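Engineer: Got a structure here, written out as structure tokens. Questions coming.
The values are calculated or read from the model by the stated rules, or taken from the named source; none is laboratory data. From a predicted model like this one, the values you see are computed outputs, not experimental measurements. Reconstructed Cβ throughout: ideal geometry from the backbone, glycine too, with neighbour counts over all protein chains shown.
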Amino acid sequence: MKLTLMVNGARHEVDVHPARRLLDVVREDLGLTGAKEGCGEGECGACTVLIEGKPVMSCLVPVCQVEDKALTTIEGLASSEGALSRLQAEFADHGGAQCGICTPGMILAAEAWLQAPGSAENMAEALAGNLCRCTGYTKIFEAVEAARKDGEA
Amino acid sequence: MRSHLEDFDVACPKTLAEALELLAAKPGSMTPLAGATDLFVLLNAGQLAPTHFLSLAGIPELAMPASWDEDRYTMPALTTYTETRHDARVVAELPLLASAACELGALQIQNRGTWAGNIANSSPAADGVPPLLAYDAVVELASVRGRRWIALADYFTGYKQTLRAPDELITNVTAQVPAAGARHYWRKVGARKLQAISKVVAAGVLERDVTGVVTRVRLALGSVAPIPLRARHVELAVTGLPLGTATTDVALAALASDIAPIDDVRSTRDYRLRIARNLVRAFLAP
Amino acid sequence: MAPDRLLGTSPTRTDGAAKVTGQARYVDDLPFEGALHGKTIRTTVARGRLRGIRYLPGVPWDEFVIVTAQDIPGANVVTLIDTDQPYLVHDQVRHAAEPVVLIAHADKGLVEKAARLVELDITPEPAVFTLDDSLKAGAQGDAQYGADNVFKHFHVARGDAQAALANAPVVVTGTYETGAQEQLYIEPQGVVAVASPEDGVTVWGSMQCPYYVHKALGPLFGLPPGKVRVIQAVTGGGFGGKEEYPNVIAGHAALLAWKSGRPVKLIYDRLEDMWATTKRHPSRTRVSAGFARDGTLLALDIQVLLDGGAYLTLSPVVLSRGTLHAAGAYRCDDVTIDSRAVFTNAPPYGAFRGFGAPQTIFAIEMHMERAARELGMDPLALRRKNFLRAGDILPTGQVLADDPGLPALLDDALAAVDWPARHAAHTRHNAVAGGSRRGLGVATFFHGCGFTGSGEVKLASRAAVEIAEDGHVRVLAASTDIGQGTITIFGQIVAERLGVGLAEIEVAEPDTRYVPDSGPTVASRTTMVVGGLLDAAAADLLEALVAAGRLPAGGFSAEQFRAAACAHRAAGGEARFERQYTPPEGVSWDDATYTGDAYATYAWSAQVADIEIDPVTAQVEVRDFVAVQEVGRVLHPTLAAGQIEGGVAQGIGWAISEEVVLKDGAMANHQLTNYIVPTAADAPPIRVTFFEHRYAHGPGGAKGIGELPMDGPAPAIGAAIADALGVILPRIPFVPERVLPALDAATGAAR
């Protein structure tokens, strides 16, 4: 099936099986390997991408359902010159990333929450769909809070 | 990803009529696909037999916003948990729907998962079903033969079995606001706060008259029987009684006739039984 | 001494930018043109004889690469300690999920479909799944390992524990059990291999120990070391789970590549990873302790049993560490520790952060709680009475040279929660009928840094620094960054020693073609041992430049350094400086008698857990957690705190929710939906404080810290539950199903 995908502001024409997972299309057809497969069950959040600013588990999304919707992957956060977003910089500086495998999904979920704070009761709830096994979440919370304060300044 | 995609295909109808025709043409061989948060877990695990997916995503009638008609709230098939939990009137008047939506999976699942899909998946642990049962939900089924409406309480007939005919599609689910002043009770017990399949889940609504006697009660339980269900024996037992220790005892005695929890990989029969009893106690606390 | 410029600061981690932008390439992200996708076909039967393999119709089998035991060019043995584990079942099946057939095809989906069409014909035999059944079978002549189903046995004795117990006024006995635990690195295991008889074998993989894999691949193919190359890809977590298991996957991927002539990607999905790979050893520990009436510990008799699964793998080493931590942080001159690792028909258990110590520390710490109650003493007072001090002697005869400082660590941890006030508040809270139950609990413990005894000597690790063409310095070590920050720490140590900035140091990718064998990335040794080697090598490099007159002894800029190093190299001066491990003076160990200095040094800790038990569901929630530790030197505060926070979180998971449910010995709940690790919504505050008593033989004074935090949370939570309910729960995880009866007992609740 021929589909037009809008990813990180750019148009991509792909010809793929309609039930192909968005995760696989992003990684294999578009070469954006930031989204990861951690479980294939929608439990770990390592595959998180944003559909119109809302986080989803891309391992559970059939690509035929997201044609023409604005999709954001981790590769879409830094500026085109490569400058890290505020949140990315805080993660790197504050120990929010250790092994880094959960990091792309975690940053996207956090970014979505920072843009729409009402989408969850609090930060912990906003990030509950992104498992981290390295950090105990402490420094992830610190990084997101630092970015949130940066945004208020 | 354990499935071979060549064994599957996806039809993407643009209208409800088109979808119903496809279902009628190949009844039983099409699998309606909404947010995919259940079906793609099975696909990923290689546990889905080859099928023709029927993607509902592009159907405008099913994607309309949920709406109110006096004290009835109708959710078209593609209504997501996210939409529901942020509806101020739902939070105020159908709080169990909001609570269930907030505790289902995590945000990523809530953004894609649908009430209709949860019903269609018909798991005994379906978190969306008990609150809908507590609100006397009605399921609308459509086919080329027309529309019909079934009480959600009658919808499940056995483990993973429902009254939906192979050529039918769930198109709407409607919930009824109870009387003002009713007690709304919700508790989901899982292994952790979010991203948890319930071990026991209870949704209840209770109305009393001026003397404090129970006039109307709905108690819906999940994960304690082959289907999510109304605890009819409990409801019958407490109707007409005031809340108090004696009534609670009567309810607990009746509970045994309503549920049949089991040991499984997540919990034990004994634990489920004990917690179900505790939830009933909490629901009926004076 | 000049103040440290870099050590003790927290520069942004070197690999941080790549990780936060999604540019970091993990093994499944690496592009390989024309690669096939591999899959492993495994038994579902736990013990039996393989009679045949059938390939059912439904896929074009002629397009597939198929490998069985018969295809193995060299020895069908996974190199570790013993030679009992095959790469592929030849005829004897010893555990469910045991690999039998490997298949590969270019179409990943087709491979999965094909995997379901391979039928294994196995005649089942009676299997043993419990410690007791296995020991009984061993005693009755039906051993499946050695003569008696015991992989390894240690016996440590100092003084006369039996006599001391007999004479003790109070004897307290208890048995404690811990369950398996899945490492649950968020990146599943995976390896890509390229192989041919002409060119040898090259693998890229998610791994902790490139040289372990290197040593395993040679014999599998009958290749000399020079024909095997192992490269660590950016690795998404390990925690021990990628210590030895990658030997197996790498071998499998390489076998498929060898036979097909194509690159092969063998990437596990989570379902397979959880079902088939290693987990923490389940344990059962019986403690008999003799006390004087004032709480003085007089005798300890400890029996440890670990379930090793179906092959020896690393069980002797796990048992060793468990044994050496079993007597806890307490002074006792009459100690016996008898420990055994036992065979069962389960997938082999393996390395997981802590490596035996969390299991035995759980037992001794819970036992102190039990003993305190039987003695009518406050558990804190009982601990203080018996804390190890400088000059005390450990069970293997080691004299503690340095003061552990346990009272100060405990005081600090208690102060952090304002223990007296909070405890009193909890007591008042618990008096209210029908409410939740709150409790505070403590754990005090140590963790030995580096390999046990002669282990580091046997490893003979090497690490080097070299001057690159443009004068920057390259670190060459086989230690891997698996999230803990190895790359950054090594850069800091070397930059500090050379007097330059972090930007001048490059840490080479761990590629066995280019880096020496620095030993495995395990055992809390990476900073202390390998970092120490690099510190010394960097000093050698600096001295060479100074001696050659290219640099002044002190006070030069980064540019001057580069110019000097460049010139030195261009003029033919020595550019590579390597150091090999030598044990610190005064540290000696006797393998034969298992006596002497068990570890070169120890890190010490006190942890406090503040918990609440839900009255309706019996769920345990951790509301606050404090971890205080003495670690020699904190080289990078953010990375160090990250290790403690992460280790505590894993310990909490093991304590309250991570249950491995077994069916036929293998994990039945092998989906992430059903294996419960904490999410952000469950995370308690974790408050970390460091004490530093500089360790003379660690770079900058640093000891190891990676595993230490794992040892305390389970007993601290167990102690808090005992505080809340008055009951010692001797088995983890403390899932609500197990807590409920204790809650009932405490509250007299209606059922």
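Engineer: So, in the range C:668-698, exactly how many residues are assigned to a strand (DSSP E or B), surrounded by fewer than 20 Cβ atoms within 10 Å (Cβ to Cβ) and within 11 Å of chain A (Cβ to nearest Cβ)?
Structural biologist: 1
Engineer: Only one of these conditions is not met by B:Ala34: (1) aliphatic (A, V, I, L, M); (2) farther than 26 Å from A:Asp68 by Cα; (3) surrounded by 22 or more Cβ atoms within 10 Å (Cβ to Cβ); (4) touching a Gly at 6+ places or on another chain (Cβ under 9 Å). Which number is it?
Structural biologist: All conditions are met except number (2).
Engineer: Would you confirm whether or not the range C:579-594 contains a residue that is surrounded by 13 or more Cβ atoms within 10 Å (Cβ to Cβ), within 25 Å of C:Leu502 (Cα to Cα) and of a type in the set (A, V, I, L, M)?
Structural biologist: no
Engineer: Still on this structure: What do you reckon, is A:Val16 more than 15 Å from B:Ala45 (Cα to Cα) and more than 13 Å from chain C (Cβ to nearest Cβ)? Break it down into steps so the answer makes sense when it comes.
Structural biologist: Values: more than 15 Å from B:Ala45 (Cα to Cα): yes; more than 13 Å from chain C (Cβ to nearest Cβ): no.
For A:Val16, the condition - more than 15 Å from B:Ala45 (Cα to Cα) and more than 13 Å from chain C (Cβ to nearest Cβ) - is not met.
Yes/no per residue for (1) away from every other protein chain (no Cβ under 14 Å); (2) surrounded by 21 or more Cβ atoms within 10 Å (Cβ to Cβ); (3) acidic (Asp, Glu); (4) within 20 Å of C:Gly700 (Cβ to Cβ):
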position	(1), (2), (3), (4)
C:Gly596	yes, no, no, no
C:Pro615	no, no, no, no
C:Asp624	no, no, yes, no
C:Glu630	yes, yes, yes, yes
C:Gly642	no, yes, no, yes
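Engineer: Here is a further query. If the requirement is being at pLDDT 95 or above and within 32 Å of the chain's Cα centre (by Cα), which of these qualifies: C:Val631, C:Val616?
Structural biologist: On the way: C:Val616 fails: within 32 Å of the chain's Cα centre (by Cα).
Being at pLDDT 95 or above and within 32 Å of the chain's Cα centre (by Cα) holds for just one of C:Val631, C:Val616, which is C:Val631.
Engineer: In the set C:Ala257, C:Ala299, C:Ala233, which member is more than 27 Å from B:Gln47 (Cα to Cα), assigned by TED's automatic domain parsing to the domain that holds C:Leu319 and touching a residue at least 60 places away in the same chain (Cβ under 8 Å)? Show your work before the answer.
Structural biologist: Values: C:Ala257 fails: assigned by TED's automatic domain parsing to the domain that holds C:Leu319; C:Ala233 fails: assigned by TED's automatic domain parsing to the domain that holds C:Leu319.
Exactly one residue qualifies, and that residue is C:Ala299.
Engineer: Quick check on my filter: what residues within the range B:64-113 are on the phi > 0 side of the Ramachandran plot and crowded, with 22+ Cβ neighbours inside 10 Å? Show your work before the answer.
Structural biologist: Going residue by residue through the range B:64-113, those that are on the phi > 0 side of the Ramachandran plot are B:70, B:105.
Passing the criteria: only B:Gly105.
Engineer: So, one more: Let me spell it out: the conditions are (1) away from chain B (no Cβ under 12 Å); (2) crowded, with 24+ Cβ neighbours inside 10 Å; (3) out of contact with any strand residue (DSSP E or B) (no Cβ under 7 Å at 6 or more places or on another chain); (4) not charged (D, E, K, R), and A:Leu131 meets all of them except one. Which number is the exception?
Structural biologist: Of everything listed in (1) away from chain B (no Cβ under 12 Å); (2) crowded, with 24+ Cβ neighbours inside 10 Å; (3) out of contact with any strand residue (DSSP E or B) (no Cβ under 7 Å at 6 or more places or on another chain); (4) not charged (D, E, K, R), A:Leu131 misses just condition (1).
Engineer: Return yes or no: is C:Val228 farther than 20 Å from C:Arg42 by Cβ, buried (at least 24 other Cβ atoms within 10 Å of the Cβ) and away from chain A (no Cβ under 14 Å)? Spell out the reasoning first.
Structural biologist: Values: farther than 20 Å from C:Arg42 by Cβ: yes; buried (at least 24 other Cβ atoms within 10 Å of the Cβ): yes; away from chain A (no Cβ under 14 Å): yes.
For C:Val228, the condition - farther than 20 Å from C:Arg42 by Cβ, buried (at least 24 other Cβ atoms within 10 Å of the Cβ) and away from chain A (no Cβ under 14 Å) - is met.
Engineer: May I pose another question? Can you spot a residue in the range C:255-267 that is within 20 Å of C:Ile482 (Cα to Cα) and surrounded by fewer than 24 Cβ atoms within 10 Å (Cβ to Cβ)?
Structural biologist: If we filter the range C:255-267 for residues that are within 20 Å of C:Ile482 (Cα to Cα), which is where we start, we get C:266-267.
If we keep only those that are surrounded by fewer than 24 Cβ atoms within 10 Å (Cβ to Cβ) as well, we get none.
For the range C:255-267, residues within 20 Å of C:Ile482 (Cα to Cα) and surrounded by fewer than 24 Cβ atoms within 10 Å (Cβ to Cβ): absent.
Listed here are the residues, each with its yes/no results for (1) free of Cβ contacts under 8 Å to residues at least 12 places away in the same chain; (2) of a type in the set (A, V, I, L, M, F, W, C).
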{"site": "C:Lys108", "(1), (2)": "no, no"}
{"site": "C:Thr123", "(1), (2)": "no, no"}
{"site": "C:Val128", "(1), (2)": "no, yes"}
{"site": "C:Gly141", "(1), (2)": "yes, no"}
{"site": "C:Gln144", "(1), (2)": "no, no"}
{"site": "C:Ala157", "(1), (2)": "no, yes"}
{"site": "C:Glu182", "(1), (2)": "no, no"}
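Engineer: A:Gly38 versus (1) more than 7 Å from chain C (Cβ to nearest Cβ); (2) in a loop (DSSP other than H, G, I, E, B); (3) out of contact with any Ser or Thr (no Cβ under 9 Å at 6 or more places or on another chain); (4) farther than 22 Å from A:Glu142 by Cα: which is the lone unmet condition?
Structural biologist: Just one mismatch for A:Gly38, condition (1).
Engineer: Do we find that B:Ala251 is within 16 Å of B:Ala134 (Cα to Cα) and outside the structural domain of B:Leu152 (by TED's automatic domain parsing) in this structure?
Structural biologist: Values: within 16 Å of B:Ala134 (Cα to Cα): no; outside the structural domain of B:Leu152 (by TED's automatic domain parsing): yes.
It is false that B:Ala251 is within 16 Å of B:Ala134 (Cα to Cα) and outside the structural domain of B:Leu152 (by TED's automatic domain parsing).
Engineer: Can you tell me which residues in the range C:216-245 are not in a loop (DSSP other than H, G, I, E, B) and not β-branched (Val, Ile, Thr)?
Structural biologist: Quick first cut of the range C:216-245, residues not in a loop (DSSP other than H, G, I, E, B) only: C:216-221, C:225-232, C:234, C:245.
Residues satisfying the conditions are C:Ala216, C:Leu217, C:Gly218, C:Pro219, C:Leu220, C:Phe221, C:Pro225, C:Gly226, C:Lys227, C:Arg229, C:Gln232, C:Tyr245.
Engineer: Oh, and also: If the requirement is being among the aliphatic types (A, V, I, L, M), surrounded by fewer than 24 Cβ atoms within 10 Å (Cβ to Cβ), outside any loop (DSSP other than H, G, I, E, B) and out of contact with any Cys (no Cβ under 9 Å at 6 or more places or on another chain), which of these qualifies: C:Val213, C:Val248, C:Val203, C:Val194?
Structural biologist: Working: C:Val213 fails: surrounded by fewer than 24 Cβ atoms within 10 Å (Cβ to Cβ); C:Val248 fails: surrounded by fewer than 24 Cβ atoms within 10 Å (Cβ to Cβ); C:Val203 fails: surrounded by fewer than 24 Cβ atoms within 10 Å (Cβ to Cβ).
Testing whether each residue is among the aliphatic types (A, V, I, L, M), surrounded by fewer than 24 Cβ atoms within 10 Å (Cβ to Cβ), outside any loop (DSSP other than H, G, I, E, B) and out of contact with any Cys (no Cβ under 9 Å at 6 or more places or on another chain) leaves just C:Val194.
Engineer: Let me ask something else. So, in the range B:86-111, of the ones that are of a type outside the set (A, V, I, L, M) and out of contact with any Phe, Trp or Tyr (no Cβ under 9 Å at 6 or more places or on another chain), which residue ends up farthest from the other protein chains (Cβ to nearest Cβ)?
Structural biologist: Within the range B:86-111, the first condition is being of a type outside the set (A, V, I, L, M), and the residues that meet it are B:86-87, B:89, B:93, B:95, B:99, B:102-103, B:105, B:108, B:110-111.
With the extra rule that they be out of contact with any Phe, Trp or Tyr (no Cβ under 9 Å at 6 or more places or on another chain), the set shrinks to B:86, B:108.
Values: B:His86: 8, B:Gln108: 4 Å.
The residue in question is B:His86.
Engineer: Just the residues that are in contact (Cβ under 8 Å) with a residue 12 or more places away in the chain, among the aliphatic types (A, V, I, L, M) and at the interface with chain A (Cβ under 10 Å from one of its Cβ atoms), please, taken from the range B:1-21.
Structural biologist: The answer is B:Met1, B:Val10, B:Ala11.
Engineer: So which residues in the range B:40-51 are in contact (Cβ under 8 Å) with a residue 40 or more places away in the chain and surrounded by 15 or more Cβ atoms within 10 Å (Cβ to Cβ), if there are any at all?
Structural biologist: Matches in the range B:40-51: B:Leu43, B:Asn44, B:Ala45, B:Gly46, B:Leu48, B:Thr51.
Engineer: For the range B:249-260, give me the residue count where each residue is within 12 Å of chain C (Cβ to nearest Cβ) and in contact with a helix residue (DSSP H, G or I) (Cβ under 6 Å, 6 or more places away or on another chain). If you could, list the steps in order and put the result at the bottom.
Structural biologist: Keep residues of the range B:249-260 that are within 12 Å of chain C (Cβ to nearest Cβ), which gives B:249, B:252.
The next check asks that each one be in contact with a helix residue (DSSP H, G or I) (Cβ under 6 Å, 6 or more places away or on another chain); those that pass are B:252.
Final tally of qualifying residues: 1.
Engineer: Additional query: Being within 20 Å of A:Ala92 (Cα to Cα) and not in a helix (DSSP H, G or I) is the filter here; which residues of the range C:470-496 pass it?
Structural biologist: Result: C:Thr480, C:Asp481, C:Ile482, C:Gly483, C:Gln484, C:Gly485.
Engineer: Return the residues of the range A:52-106 that are among the hydrophobic types (A, V, I, L, M, F, W, C), within 7 Å of another protein chain (Cβ to nearest Cβ) and farther than 15 Å from C:Gly22 by Cβ; say none if nothing qualifies. Even if it seems obvious, please write down each step before you answer.
Structural biologist: Here is the first cut: in the range A:52-106, the residues among the hydrophobic types (A, V, I, L, M, F, W, C) are A:56-57, A:59-61, A:63-64, A:66, A:70-71, A:74, A:77-78, A:83-84, A:87, A:89, A:91-92, A:97, A:99, A:101-102, A:106.
Going one step further and asking which of them are within 7 Å of another protein chain (Cβ to nearest Cβ), we end up with A:56-57, A:59-61, A:64, A:74, A:78, A:84, A:91-92, A:97, A:99, A:101-102.
Result: A:Val56, A:Met57, A:Cys59, A:Leu60, A:Val61, A:Cys64.
Engineer: Going through B:Leu97, B:Leu78 one at a time, which residue ends up being part of a helix (DSSP H, G or I) and within 18 Å of B:Ala175 (Cα to Cα)?
Structural biologist: Details: B:Leu78 fails: part of a helix (DSSP H, G or I).
After ruling out the rest, the residue left standing is B:Leu97.
Engineer: From the list B:Ala24, B:Ala49, exactly one residue is in contact with a strand residue (DSSP E or B) (Cβ under 8 Å, 6 or more places away or on another chain), away from chain A (no Cβ under 12 Å) and either part of a loop (DSSP other than H, G, I, E, B) or at pLDDT 95 or above (or both). Which is it? Break it down into steps so the answer makes sense when it comes.
Structural biologist: Values: B:Ala49 fails: in contact with a strand residue (DSSP E or B) (Cβ under 8 Å, 6 or more places away or on another chain).
That would be B:Ala24, the only listed residue that is in contact with a strand residue (DSSP E or B) (Cβ under 8 Å, 6 or more places away or on another chain), away from chain A (no Cβ under 12 Å) and either part of a loop (DSSP other than H, G, I, E, B) or at pLDDT 95 or above (or both).
Engineer: Is it true that C:Ala508 is of a type in the set (Gly, Ala, Ser), farther than 17 Å from C:Pro584 by Cα and in contact with a helix residue (DSSP H, G or I) (Cβ under 8 Å, 6 or more places away or on another chain)? First the steps, then the outcome.
Structural biologist: Working: of a type in the set (Gly, Ala, Ser): yes; farther than 17 Å from C:Pro584 by Cα: yes; in contact with a helix residue (DSSP H, G or I) (Cβ under 8 Å, 6 or more places away or on another chain): no.
For C:Ala508, the condition - of a type in the set (Gly, Ala, Ser), farther than 17 Å from C:Pro584 by Cα and in contact with a helix residue (DSSP H, G or I) (Cβ under 8 Å, 6 or more places away or on another chain) - is not met.
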